[in-house]
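The values are calculated or read from the model by the stated rules, or taken from the named source; none is laboratory data. Keep in mind that this is a model prediction, so the values were computed, not measured. Positions of Cβ are generated from backbone atoms using ideal geometry, with glycine treated the same way; all protein chains shown enter the neighbour counts. Calculation scope for accessible area: heavy atoms of the full protein, side chains included, ligands and nucleic acids excluded. Shrake-Rupley method; radii C 1.70, N 1.55, O 1.52, S 1.80 Å.
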Amino acid sequence: MSFKTPDLCDANEARLGKTLQVVAPMFQRYGGRTRFSGQIVTLKIFEDNTRVREVLGEPGQGKVLVIDGGGSLRCALVGDQLAILAQNNGWEGIVVYGCIRDSGDINQLDIGVRALNTHPQKSVKRGVGERNLAVTFGGVTFNPGAWLYADEDGILLADTPLT
């Protein structure tokens, strides 16, 4: 992957704030990939990661899972087992508006992960959550089917592919 988010911003300056959005710098970097991009799949959940396992169990080539966990810092929504599942199914990356756990193990995997922080406690399992709806956090709205670009400098959203 050979993009840089600053270069994408510069090359698409006229689109900034319109069809190109910059996510607020609120996420920590995890996973072995510092740079990833793909078409967005969304989940809206709260302290229950049952649906995360379902989605990451599907083929994910060219896709990034965006999890709106309500910004909860009370448990982890992704751990090493789910990150391995995502890697094995070809997902490009995961963005979690919440916490992850097993960060040391996740950092050894070939997947990009962004999360607010880490937490050692696992989530509950009630099977509650919604898939493929627009979710808003970090000053932007993540629309299913839009494109996400993440690297060392930040996260961009675009309505069409930039690379």
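If a/c stays under 1.5 just call it rounded; otherwise compare a/b with b/c (prolate if a/b is bigger, oblate if not). Do that for region 1-106, with a ≥ b ≥ c from the square roots of the Cα gyration tensor eigenvalues. If you can, show how the numbers build up before the last one.
Values: a/c = 1.85, a/b = 1.54, b/c = 1.20.
Verdict is prolate for region 1-106.
Only helices enter the 222 nm calculation for the chain: every DSSP H run of n ≥ 4 contributes -39,500 (n - 2.57), and dividing by all residues gives -4000 deg cm²/dmol, rounded to 500.
Based on the Cβ-Cβ distance of Asn132 and Asn107, what FRET efficiency does E = 1/(1 + (r/R0)^6) give at R0 = 22 Å, to the nearest 0.05? The computed FRET efficiency comes out at 0.15. The distance between label points at Gln81 and Asn117 comes to 2.5 nm (points 7 Å beyond Cα on the Cα→Cβ vector).
Taking a ≥ b ≥ c as the square roots of the eigenvalues of the Cα gyration tensor, region 43-163 is rounded, since a/c falls below 1.5. Indicate the gyration tensor shape class of region 105-163 (rounded, prolate or oblate), computed on the Cα atoms with a ≥ b ≥ c the square roots of the eigenvalues: a/c under 1.5 is rounded; otherwise a/b larger than b/c is prolate and the rest oblate. Here region 105-163 falls in the oblate category.
Looking at region 58-163, which GluC sites (Glu not before Pro) are DSSP coil and have at most 12 other C-beta atoms within 10 Å of their C-beta?
Working: sites: Glu92, Glu130, Glu152; in loops: Glu92, Glu152.
Passing sites in region 58-163 are Glu152.
DSSP bridge analysis restricted to the chain gives an antiparallel fraction near 50%, rounded to the nearest 5.
Sequence-distant contacts, meaning Cα pairs under 8 Å at least 6 residues apart, place the relative contact order of the chain at 34 percent.
Across Ala115, Ala24, Ala86, mean-square fluctuation computed from a Gaussian network of the chain (C-alpha pairs under 10 Å connected) peaks at Ala24. Placing +1 on the Cβ of every Lys and Arg and -1 on the Cβ of every Asp and Glu, with nothing else charged, gives the chain a dipole about its Cα centre of roughly 420 debye. Using a probe of 1.4 Å, the accessible surface attributed to Asp7 totals some 80 Å² when neighbouring protein chains are kept in position. The phi torsions of region 124-134, fed into the Karplus equation with coefficients 6.51, -1.76 and 1.60 and a -60° offset, translate into couplings of 7, 10, 10, x, 9, x, 10, 10, 6, 10, 5 Hz, rounded to whole numbers, with Gly and Pro shown as x. Pairs of Cα atoms nearer than 8 Å and 6+ residues apart set the relative contact order; for region 22-73 it is 44 percent.
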